[in-house]
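To keep things clear, I will list the structure first and then write my remarks on it.
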Amino acid sequence: MRYRRSSLLYLRVQRRPSLCACSLSGDMYNNLGNQAGMQGPTTNPQPNPFGNAFYGAGSGLIRGGLGAYGEKFLGSSSEFMQSNISRYFSNPQYYFQVNDQYVRNKLKVILFPFLHRGHWTRITEPVGGRLSYKPPIYDINAPDLYIPFMAFGTYIVIAGFSFGLLGKFTPEVLSLQLTRGLAGWFMQVLLLKGLLYSLGSGEAPLLDIVSYGGYAFTGLSLTMLARLCWSYSYYFLMPWMSLCMGVFLVKTMKRVLFTEMRSYEKHSSRQHYLLLFMAIAQFPLFFWLGKVAAG
């Protein structure tokens, strides 16, 4: 019995130092962690209502300022883009608002401008608080893209048929003819645009100039078709069509200069010489395109 009691006392004495050591080691760990900058268990701080209110107000002001500035910037840039697009390109759908009566009357004006007894000015109408030109279906003097595209397609088809009759038709020749036709159209547009720029009126819509330049293929198509029936008709129809196209462009460009520049009287001699040059330039352009098409 004495031996058992002594052993129990010995075990109690051995356990107490371990508990003391654990508590001492825990205190030492906390002290060392605080001294070395180690973070202990985090505690939730009390919320600051004033700080959150100031932060919300500041972020709201920043967001409101940036939103107003962005809206103003985007609005001004969109208006700028719309004004420039409408100035230089207009609406493509406008140029395809045609009917059969317009096409017949327009072909008469293009092929026989001497017989046109009406005025050459375009008709305007108020739209959205400003004046706008009426579409081609209501105005014979309005430009369109239906006739130029159809005339250009007819020009290519007749050229291919001519090459077939001559026994020279190949896909390469037809592609070359297409390229030459597009090049002639491009040169016509450059000629008209350069004329307007030289006279200080370069703000005409680009699609208007493209349509005016494309009207040349109506006379070319008619001349090439007549040549298939009678070869000698080419030699008097081509000069006539070149003259008619020159007169048509002179009348049209004078209208554009008078209505857009409002200064037709200031440089009348210079304008007359440039318009005469534009009319004379139709002769070599027509003969070049017609000769290439005939092979």
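The values are calculated or read from the model by the stated rules, or taken from the named source; none is laboratory data. Quick caveat: nothing in here was measured; it's all calculated off a predicted structure. Because the Cβ atoms are built from the backbone with ideal geometry, glycine has one as well, and the counts that use them run over all protein chains shown. The area values use the complete protein model at the heavy-atom level, side chains included, leaving out ligands, DNA and RNA. Shrake-Rupley method; radii C 1.70, N 1.55, O 1.52, S 1.80 Å.
Looking only at the stretch 197-210, which residues are open to solvent by 40 Å² or more (accessible area, probe 1.4 Å) and part of a helix (DSSP H, G or I)?
If the condition is that a residue be open to solvent by 40 Å² or more (accessible area, probe 1.4 Å) and part of a helix (DSSP H, G or I), then 197, 198, 206 are the ones that fit.
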### Query
Checking residue 175 against (1) surrounded by fewer than 17 Cβ atoms within 10 Å (Cβ to Cβ); (2) in contact (Cβ under 8 Å) with a residue 24 or more places away in the chain, which test does it fail?
(2)
### Residues within the stretch 135-156 that are open to solvent by 60 Å² or more (accessible area, probe 1.4 Å) and assigned to a loop (DSSP other than H, G, I, E, B), tallied
0
### Message
Return the residues of the stretch 157-182 that are of a type in the set (S, T, N, Q) and not in a helix (DSSP H, G or I); say none if nothing qualifies.
### Response
170
#### Entry: Residue list for the stretch 211-255, restricted to those being among the aliphatic types (A, V, I, L, M), within 19 Å of residue 144 (Cα to Cα) and open to solvent by less than 10 Å² (accessible area, probe 1.4 Å)
216, 220, 245, 249, 253
### Query
Hey, any hits in the stretch 161-178 for a residue that's hydroxyl-bearing (Ser, Thr, Tyr), closer than 21 Å to residue 222 by Cβ and modelled with pLDDT of 95 or more?
no
### Those residues of the stretch 195-239 which are within 19 Å of residue 110 (Cα to Cα) and without any contact (Cβ under 8 Å) to a residue 40 or more places away in the chain, in sequence order
209, 226, 236, 237
### Query
Since residue 187 meets every condition but one in (1) out of contact with any Lys or Arg (no Cβ under 9 Å at 6 or more places or on another chain); (2) without any contact (Cβ under 8 Å) to a residue 40 or more places away in the chain; (3) farther than 23 Å from residue 91 by Cβ, which condition does it not meet?
(2)
### Task
Pull up the stretch 178-191, narrow it to residues that are more than 22 Å from the chain's Cα centre (by Cα) and open to solvent by less than 10 Å² (accessible area, probe 1.4 Å), then point me to the one that is nearest to residue 157 (Cα to Cα).
181
### Query
In this structure, does residue 194 turn out to be open to solvent by less than 70 Å² (accessible area, probe 1.4 Å), more than 20 Å from residue 120 (Cβ to Cβ), part of a loop (DSSP other than H, G, I, E, B) and out of contact with any Leu (no Cβ under 8 Å at 6 or more places or on another chain)?
no
### Query
Conditions: (1) under 25 Å from the mean Cα position of the chain (by Cα); (2) more than 22 Å from residue 287 (Cβ to Cβ); (3) not small (Gly, Ala, Ser). Residue 199 meets all but one. Number of the miss?
(1)
### Query
For the subset of the stretch 107-134 comprising residues that are surrounded by 14 or more Cβ atoms within 10 Å (Cβ to Cβ) and farther than 21 Å from residue 206 by Cα, which member is modelled with the lowest pLDDT?
116
